[in-house]
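Beneath this line is the structure, given in structure tokens, with notes to follow.
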Amino acid sequence: MQRRNNTVVPLGMLRRFLGASVFSIVVTSFFFVHVHVSPSPSDHKFNDKILSFRDPQSWTRELVPPHLSKAPLSVPKLKDSRKDSDYEKLWKPPSNHGFIPCTKPTPNYSTPGRSRGYLSVHTNGGLNQMRTGICDMVAIARIINATLVIPELDKKSFWHDTSNFSDIFDEESFISSLANDIKIIKKLPKKLVNATKIVMQFRSWSGMDYYENEIAALWDNFKVIRASKSDSRLANNNLPPEIQKLRCRACYDALRFSPHIEKMGKILVERMRSFGPYIALHLRYEKDMLAFSGCTHELSAVEAKELWIIRQNTTYWKRKYINPIEERSKGFCPLTPKEVGIFLTALGYPSNTPIYIAAGEIYGGESHMTDLQSRYPLLMSKEKLASIEELEPFSSHSSQMAALDYIVSVESDVFVHSYPGNMAKAVEGHRRFLGSGRTISPDRKALVRLFDKLANGSMTEGKTLSNKIIDLHKKRLGFRKRKGPVSGTKGLDRFRSEETFYANPLPGCLCRTESLSMNTSHFSV
């Protein structure tokens with residue numbers, strides 16, 4: 001009997017121990033299911049600072065980068081989602097219909113002719129406005145037989161970036177890549193520094209006649225022509241094929257980012273890829289953008305007043321009095337972070353989709369990101385993917401930081417913008433040129449009507465809204481022919497209404513092989 005009692009006691013203790021263990025496992029599992037995004041122990045290495053929507057701290061809080069972390073990543077692995085039926089609907093790039101880049105010059109294209117003088121350039125705007133302007137100036141230098149001096153970058157605009165050309169772009173590559181097109185020098189010869197020069201703002205959206213006649217005639221009196229602005233100086237359409245190809249060679253081959261930017265950009269891409277396929281979201285909700293557009297939807301009265309003051313005090317913004325309600329109803333306002341969340345959900349992207357936020361500082365910070373964060377906890381950014389030390393060389397230079405966003409955006413599986421600004425257009429054009437990824441251009445005017453119905457309760461989120469939004473965007477996924485001017489417009493408004501060449505290089509820089517050649521008119525939208 002005694003021996004039996006000794007056996008019973010340990011078994012009882014074992015039962016209690018097992019019961020407590022099971023209870024502990026259940027509680028722990030419940031906690032992780034509700035607080036963390038679905039964990040996957042096989043994922044790349046981040047630390048456990050991934051934010052859930054319950055985290056009270058800012059969504060921009062820094063994460064330890066993968067290569068420095070020792071803890072497993074508690075985020076979903078989406079690579080296997082490519083095998084799901086949803087891949088076709090959510091991630092698959094649209095067909096390029098056999099079009100491939102064709103930027104090589106024809107056999108009749110000659111090397112640069114005798115230079116008649118020097119073209120110096122002062123660029124204007126942010127990174128992508130300067131970038132496309134530089135490519136225009138390359139083409140203009142070819143047209144007027146000029147030697148191009150490495151452009152000076154804008155240091156006085158809203159961003160106050162002190163970067164020089166070589167800080168952002170690979171100067172040597174730029175010069176050598178275009179050696180068969182134009183001559184490029186780093187500085188004006190000393191003997192010409194104080195020479196009489198003409199400084200002028202070239203006419204916007206001008207064609208060959210303007211440059212071959214009016215501008216080239218200036219060589220009779222000047223050795224140096226200085227362009228005071230570089231943006232939108234060339235027409236989008238009706239230029240010789242060789243000039244269009246040259247613009248693309250300059251934009252997509254010669255004008256590469258400097259090695260240190262390229263290296264950091266690739267690191268960020270690799271870290272985003274560790275999550276699987278990802279969306280790059282160009283979220284235009286910075287203070288300067290909202291002040292410029294006059295859009296105040298979902299902002300407080302204090303915030304709206306602050307933006308109004310900025311607009312009134314910015315002398316080179318011509319529009320001072322803007323009706324924000326009318327602007328929004330016409331689709332002229334950027335989507336808010338909340339609206340972007342509704343949009344992506346309606347398209348079918350699940351809550352565990354990794355999203356890279358390509359943007360400057362979001363106006364209002366966390367207060368305007370809460371809804372988007374709650375829908376998509378995996379909101380990533382440069383500051384989350386890299387350490388302070390890694391970003392330190394770039395952090396005080398807004399154009400260099402924008403260049404990092406550009407790289408991650410071009411490489412993304414899906415690119416979405418909340419407003420078609422200069423970066424959105426540049427990324428769209430680059431992705432179309434490469435034939436990579438899916439690019440979604442939201443129909444803001446139509447979306448506003450749906451969002452207002454949600455707000456007034458006449459519609460709810462669900463299948464009906466989802467079907468409407470999916471139908472609206474079936475033909476807004478990337479590949480198509482460049483749009484011409486809006487019917488009925490005249491003068492400068494006609495050129496201004498055309499789709500920019502750098503947002504869509506078809507026609508011009510994309511061709512079909514002879515075996516697939518056919519009329520491309522069916523790409524018109």
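Within segment 263-331, considering only helices (runs of 4 or more DSSP H) that don't extend past its boundaries, which have at least 3 residues that are modelled with pLDDT under 90, assigned by the TED database to the domain that holds Ala386 and among the charged types (D, E, K, R)? Before you say what the answer is, go through the steps one by one.
Numbers: elements: 287-293, 301-313, 324-329.
Of the helices (runs of 4 or more DSSP H) lying wholly inside segment 263-331, none has at least 3 residues that are modelled with pLDDT under 90, assigned by the TED database to the domain that holds Ala386 and among the charged types (D, E, K, R).
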Members of segment 465-498 that are open to solvent by less than 60 Å² (accessible area, probe 1.4 Å), modelled with pLDDT of 85 or more and closer than 17 Å to Val340 by Cα: Leu465, Ser466, Ile469, Ile470, His473
Residue list for segment 350-368, filter: open to solvent by less than 20 Å² (accessible area, probe 1.4 Å) and modelled with pLDDT of 90 or more: Thr353, Pro354, Ile355, Tyr356, Ile357, Ala358
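Any idea which of Gly98, Gly113, Gly133 is in contact (Cβ under 8 Å) with a residue 12 or more places away in the chain, among the small types (Gly, Ala, Ser) and crowded, with 21+ Cβ neighbours inside 10 Å? I'd like the intermediate steps shown before the answer.
Values: Gly98 fails: crowded, with 21+ Cβ neighbours inside 10 Å; Gly113 fails: crowded, with 21+ Cβ neighbours inside 10 Å.
Among Gly98, Gly113, Gly133, only Gly133 is in contact (Cβ under 8 Å) with a residue 12 or more places away in the chain, among the small types (Gly, Ala, Ser) and crowded, with 21+ Cβ neighbours inside 10 Å.
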Any hit, segment 388-401, residues being under 20 Å from Pro337 (Cβ atoms) and touching a residue at least 60 places away in the same chain (Cβ under 8 Å): no
Selection count where residues are open to solvent by 10 Å² or more (accessible area, probe 1.4 Å), in contact (Cβ under 8 Å) with a residue 60 or more places away in the chain and not in a loop (DSSP other than H, G, I, E, B), scope segment 136-161: 2
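When segment 401-417 is examined, which residues are found to be of a type outside the set (Phe, Trp, Tyr) and either open to solvent by 10 Å² or more (accessible area, probe 1.4 Å) or touching a His at 6+ places or on another chain (Cβ under 8 Å) (or both)? Talk me through it step by step, then tell me what you get.
If we filter segment 401-417 for residues that are of a type outside the set (Phe, Trp, Tyr), which is where we start, we get 401-405, 407-414, 416-417.
Matches in segment 401-417: Met401, Ala402, Asp405, Ile407, Ser409, Val410, Glu411, Asp413, Val416, His417.
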Members of segment 127-149 found to be over 23 Å from Phe501 (Cβ atoms) and of a type in the set (A, V, I, L, M, F, W, C), listed by number: Val149
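State which residue is least open to solvent (accessible area, probe 1.4 Å) when the search covers only segment 279-315 and only residues that are of a type in the set (D, E, K, R) and more than 19 Å from the chain's Cα centre (by Cα). Write out each step before concluding.
Residues of segment 279-315 that are of a type in the set (D, E, K, R), as a first pass: 284, 286-288, 298, 303, 305-306, 311.
Filter once more, so that each one left must be more than 19 Å from the chain's Cα centre (by Cα): 298, 303, 305-306, 311.
Working: Glu298: 79, Glu303: 33, Lys305: 113, Glu306: 72, Arg311: 13 Å².
In this case the residue turns out to be Arg311.
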Subset of segment 201-235 [among the aromatic types (Phe, Trp, Tyr), assigned to a loop (DSSP other than H, G, I, E, B) and either farther than 23 Å from Lys156 by Cα or open to solvent by 50 Å² or more (accessible area, probe 1.4 Å) (or both)]: Trp205, Phe222
Positions within segment 330-349 being farther than 18 Å from His473 by Cα and open to solvent by 60 Å² or more (accessible area, probe 1.4 Å), in sequence order: Lys338
Subset of segment 437-464 that is within 30 Å of Ile407 (Cα to Cα), in a helix (DSSP H, G or I) and of a type in the set (D, E, K, R) - its residue that is least open to solvent (accessible area, probe 1.4 Å): Arg444
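The values are calculated or read from the model by the stated rules, or taken from the named source; none is laboratory data. Just so it is clear, the model here is predicted, and its values are computed rather than measured. Backbone-built Cβ (ideal geometry, glycine too); neighbour counts: all protein chains shown. When the accessible area is computed, the model is the full protein with side chains, heavy atoms only, and any ligands, DNA or RNA have been set aside. Shrake-Rupley method; radii C 1.70, N 1.55, O 1.52, S 1.80 Å.
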